[in-house]
1. Within the bounds of region 67-76, is there any residue that is without any contact (Cβ under 8 Å) to a residue 60 or more places away in the chain, charged (D, E, K, R) and in contact with a Leu (Cβ under 9 Å, 6 or more places away or on another chain)?
2. For residues that are in contact with a helix residue (DSSP H, G or I) (Cβ under 9 Å, 6 or more places away or on another chain) and either more than 23 Å from GLY96 (Cβ to Cβ) or not basic (Lys, Arg) (or both), scanning just region 124-150, find the one that is surrounded by the fewest Cβ atoms within 10 Å (Cβ to Cβ).
3. If you go through region 37-49 one residue at a time, how many are in contact (Cβ under 8 Å) with a residue 12 or more places away in the chain and either outside any strand (DSSP E or B) or buried (at least 20 other Cβ atoms within 10 Å of the Cβ) (or both)?
4. Within region 25-36, track down each residue that is in contact (Cβ under 8 Å) with a residue 40 or more places away in the chain and in a loop (DSSP other than H, G, I, E, B).
5. Count, please, the residues in region 151-169 that happen to be surrounded by 12 or more Cβ atoms within 10 Å (Cβ to Cβ) and under 16 Å from ALA85 (Cα atoms).
6. Can you name every residue in region 6-31 that is under 24 Å from TYR98 (Cα atoms) and surrounded by 13 or more Cβ atoms within 10 Å (Cβ to Cβ)?
7. With respect to ARG89, is the statement that it is under 21 Å from SER175 (Cα atoms), at pLDDT 95 or above and of a type in the set (Lys, Arg) true?
8. Spot the failing condition for GLY91; the list is (1) at negative phi; (2) touching a residue at least 60 places away in the same chain (Cβ under 8 Å), and only one is missed.
Amino acid sequence: MKVERLAIPDLLVVTPARFADNRGFFSETFNVSRFAEAGIDKPFLQDNHSLSRAKGVVRGLHCQLSPHAQGKLVRVIHGAIWDVAVDIRQGSATYGQYAAVTLSGENGKQLWIPEGFLHGFCTLEPDTEVIYKVTGIYDVASERGVIWNDPSLALPWPVDPAEAILSDKDLKLHSFADAAGWFPA
């Protein structure tokens, strides 16, 4: 298992080894001991699976507040996404900054996003399937979000804004300014 820190050091890209032969490959995508050695030691409580039919689907930017905050381990099993996390931890040296990575079924990379970050992604291919483990159970009352194209974040989404496909719910999310204080120091 290879572990890389992104520009925001709390964000990790985990690439499990793949053992391939003429049949395909085998990969151990999660092992509690190996992940603990990498600093990912919170228990995962829920697994989620999403399918996005079209290229250009944008999901996010989402988070959950305490006491139901979630760390996420995100991976793609089919297709590809541009996956992004934005630091919203009040007082953090990287507050308001983002890091992004391309995750795909082909590259096998996973992104670890701890509590205190907004998370979102854009599909780069049709029929993209994303699976993610979370450290907190979904709680609708704790759910928050920031609009994907907030100008103060200036995220370089890999889709023309006129062609982005979003849910009605995601089109009505807050501005980044409203996120101040969601994760106090």
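1. Applying the first criterion (without any contact (Cβ under 8 Å) to a residue 60 or more places away in the chain) to region 67-76 yields 74-76.
From what's left, charged (D, E, K, R): 75.
Add one more test, that the residue is in contact with a Leu (Cβ under 9 Å, 6 or more places away or on another chain), and what stays is 75.
The answer is yes; a qualifying residue exists.
2. Our first condition is that a residue be in contact with a helix residue (DSSP H, G or I) (Cβ under 9 Å, 6 or more places away or on another chain); within region 124-150, this holds for 136, 144-150.
Checking which are either more than 23 Å from GLY96 (Cβ to Cβ) or not basic (Lys, Arg) (or both) leaves us with 136, 145-150.
Numbers: GLY136: 21, GLY145: 20, VAL146: 25, ILE147: 18, TRP148: 24, ASN149: 15, ASP150: 19.
Restricting to residues being in contact with a helix residue (DSSP H, G or I) (Cβ under 9 Å, 6 or more places away or on another chain) and either more than 23 Å from GLY96 (Cβ to Cβ) or not basic (Lys, Arg) (or both), the top hit is ASN149.
3. The initial filter retains those residues of region 37-49 that are in contact (Cβ under 8 Å) with a residue 12 or more places away in the chain, namely 38-40, 42-49.
Restricting the remaining residues to those that are either outside any strand (DSSP E or B) or buried (at least 20 other Cβ atoms within 10 Å of the Cβ) (or both) gives 38-40, 42-45.
The qualifying residues number 7.
4. Those that are in contact (Cβ under 8 Å) with a residue 40 or more places away in the chain and in a loop (DSSP other than H, G, I, E, B): THR29, PHE30.
5. Our first condition is that a residue be surrounded by 12 or more Cβ atoms within 10 Å (Cβ to Cβ); within region 151-169, this holds for 153, 155, 157-159, 164-166.
Narrowing the set further to residues that are under 16 Å from ALA85 (Cα atoms) leaves 153, 155, 157-158.
The number of residues fulfilling the criteria is 4.
6. First, the residues of region 6-31 that are under 24 Å from TYR98 (Cα atoms): 6-16.
Across region 6-31, the qualifying residues are LEU6, ILE8, ASP10, LEU11, LEU12, VAL13, VAL14, THR15, PRO16.
7. On the way: under 21 Å from SER175 (Cα atoms): yes; at pLDDT 95 or above: yes; of a type in the set (Lys, Arg): yes.
When the stated conditions are applied, ARG89 passes them.
8. Unmet for GLY91, out of (1) at negative phi; (2) touching a residue at least 60 places away in the same chain (Cβ under 8 Å): (1).
The values are calculated or read from the model by the stated rules, or taken from the named source; none is laboratory data. In this text the structure is predicted, and so the values were computed from the model without any measurement. Here the Cβ is made from the backbone with ideal geometry for all residues, glycine too, and neighbour counts use every protein chain on show.
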